[in-house]
Amino acid sequence: MKKPKFTGSVPEHIAIVMDGNGRWANARGLTRVEGHRAGEAALMDVIEGAIAAGVKYLTVFAFSTENWKRSPDEVKFLMNYNREVLRRRRDQLNEWGVRVRWAGRRPKLWPSVIDELLTAEKLTKKNKGLVFTMCVNYGARTELVDAINQMIEDKGSGKIKGSITDKTVQKYLLTRDLPDVDLFIRTSGEQRISNFLLWQSAYSEFVFSEVLWPDFGHKDLWQAIEAFSKRNRRFGKAVDKPKKSKGSAK
Ligand code: IPE
Ligand code: IPE
Ligand code: MG
């Protein structure tokens, strides 16, 4: 894949809510799970596109703590599917120099899925390329609640000395070794966060794409990066630059 060019800087960390699989399938007269199946190629294409663009961290939402509310058949499919995608693709990812990591909670998650995630982490742990985080059984509120409870415990036992700061919180998150999200993308036209990376996206730029996830590819990713590269991120700062009116003296 050729290295793309952008107007401004490339985001270091991109997060994606891969949404729209079910609608993609139903619109074709297929069942929802066929949409998930079609999402695999999109994911691989996006990973390749992120590497080519020079992105350092890519974090994707694969299964939320709320997705257990779906039909038992769909949940079962998604569990098997996550496990199989990892097994099928881990060697390819390893060849690309990708470091795979998992962010999510253990309770409820199938042990075989956890095993597969940990195997992929182990296989790729020395890689120096793209850090690819799969959020499986992830929810930002539980992540924060778990972090708060652990901080209280560690404060009580003296493991945390002094007061709790932004940095302390960061250390207790599932994404503790990742920088803040620069660009947050959601596909399928939905404009909501759905409990993804709340703390980490405090100053993210958002791009909402109308494209349904199975149709999303590296070109759509690059389009979102281009939009990001033209944004003016201020982080609360301000620059005073009054526009000269036509009649004003030079
Ligand atoms: C995203 O697609 C994949 C997961 C949530 C696992 P959806 O399954 O949410 O598809 P839509 O949004 O119903 O079309
Ligand atoms: C968010 O999508 C979760 C994933 C993409 C894994 P959902 O499709 O579950 O979100 P809602 O229900 O539309 O908010
Ligand atoms: Mg959805």
Evaluate segment 68-81: report whether one residue or more is closer than 30 Å to LYS3 by Cα, modelled with pLDDT of 95 or more and hydrophobic (A, V, I, L, M, F, W, C). no
Please go through segment 119-143 and pick out each residue that is in contact (Cβ under 8 Å) with a residue 12 or more places away in the chain, part of a helix (DSSP H, G or I) and either closer than 30 Å to ALA53 by Cβ or among the β-branched types (Val, Ile, Thr) (or both). THR119, ALA120, GLU121, LEU123, THR124, ALA140, THR142, GLU143
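Considering only residues of segment 174-194 that are assigned to a loop (DSSP other than H, G, I, E, B) and of a type in the set (A, V, I, L, M), which is surrounded by the most Cβ atoms within 10 Å (Cβ to Cβ)?
Of the residues in segment 174-194, the ones assigned to a loop (DSSP other than H, G, I, E, B) are 174-182, 187-194.
Cutting the leftovers down to of a type in the set (A, V, I, L, M) gives us 174, 178, 181, 193.
On the way: LEU174: 23, LEU178: 21, VAL181: 26, ILE193: 17.
In this case the residue turns out to be VAL181.
Return yes or no: is SER112 more than 30 Å from ALA52 (Cβ to Cβ), touching a residue at least 24 places away in the same chain (Cβ under 8 Å) and surrounded by fewer than 18 Cβ atoms within 10 Å (Cβ to Cβ)?
Values: more than 30 Å from ALA52 (Cβ to Cβ): yes; touching a residue at least 24 places away in the same chain (Cβ under 8 Å): yes; surrounded by fewer than 18 Cβ atoms within 10 Å (Cβ to Cβ): yes.
Considered against the rule, which asks whether it is more than 30 Å from ALA52 (Cβ to Cβ), touching a residue at least 24 places away in the same chain (Cβ under 8 Å) and surrounded by fewer than 18 Cβ atoms within 10 Å (Cβ to Cβ), SER112 comes out as yes.
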Tell me yes or no: at least one residue of segment 65-80 is touching an Asp or Glu at 6+ places or on another chain (Cβ under 9 Å), more than 16 Å from ligand 3 (Cβ to nearest atom), among the charged types (D, E, K, R) and within 26 Å of SER194 (Cα to Cα). no
Please go through segment 13-38 and pick out each residue that is within 11 Å of ligand 3 (Cβ to nearest atom), over 23 Å from LYS56 (Cβ atoms) and in contact (Cβ under 8 Å) with a residue 60 or more places away in the chain. ASP19, GLY20, ASN21, ARG23, TRP24, GLY35
So is GLY158 away from ligand 1 (no atom under 16 Å from the Cβ), more than 22 Å from ALA52 (Cα to Cα) and in a loop (DSSP other than H, G, I, E, B) or not? yes
Could you give every pair whose Cβ atoms fall below 8 Å, whose first residue belongs to segment 195-216 and is without any contact (Cβ under 8 Å) to a residue 60 or more places away in the chain and assigned to a loop (DSSP other than H, G, I, E, B), and whose second residue is among the basic types (Lys, Arg) and away from ligand 1 (no atom under 16 Å from the Cβ), counting only separations of at least 6 or pairs across chains? LEU198/ARG141; TYR203/ARG233
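Among the candidates TRP110, TRP96, TRP68, single out the residue that is touching a helix residue (DSSP H, G or I) at 6+ places or on another chain (Cβ under 8 Å) and away from ligand 1 (no atom under 16 Å from the Cβ).
Answer to the selection: TRP96.
What about LYS159, is it loosely packed, with under 14 Cβ neighbours inside 10 Å, out of contact with any strand residue (DSSP E or B) (no Cβ under 9 Å at 6 or more places or on another chain) and basic (Lys, Arg)? I'd like the intermediate steps shown before the answer.
Working: loosely packed, with under 14 Cβ neighbours inside 10 Å: yes; out of contact with any strand residue (DSSP E or B) (no Cβ under 9 Å at 6 or more places or on another chain): yes; basic (Lys, Arg): yes.
The answer is yes for LYS159.
Rundown of residues vs (1) of a type in the set (Phe, Trp, Tyr); (2) under 12 Å from the mean Cα position of the chain (by Cα); (3) within 7 Å of ligand 1 (Cβ to nearest atom); (4) within 25 Å of ARG141 (Cβ to Cβ), yes/no style:
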| site | (1), (2), (3), (4) |
| --- | --- |
| VAL17 | no, yes, no, yes |
| ALA25 | no, no, no, no |
| ARG28 | no, no, no, no |
| GLY54 | no, no, no, no |
| PHE61 | yes, yes, no, yes |
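The values are calculated or read from the model by the stated rules, or taken from the named source; none is laboratory data. Not measured: the values here are computed from a predicted model. With ideal geometry, Cβ positions are generated from the backbone for all residues, glycine too; neighbour counts draw on all protein chains shown.
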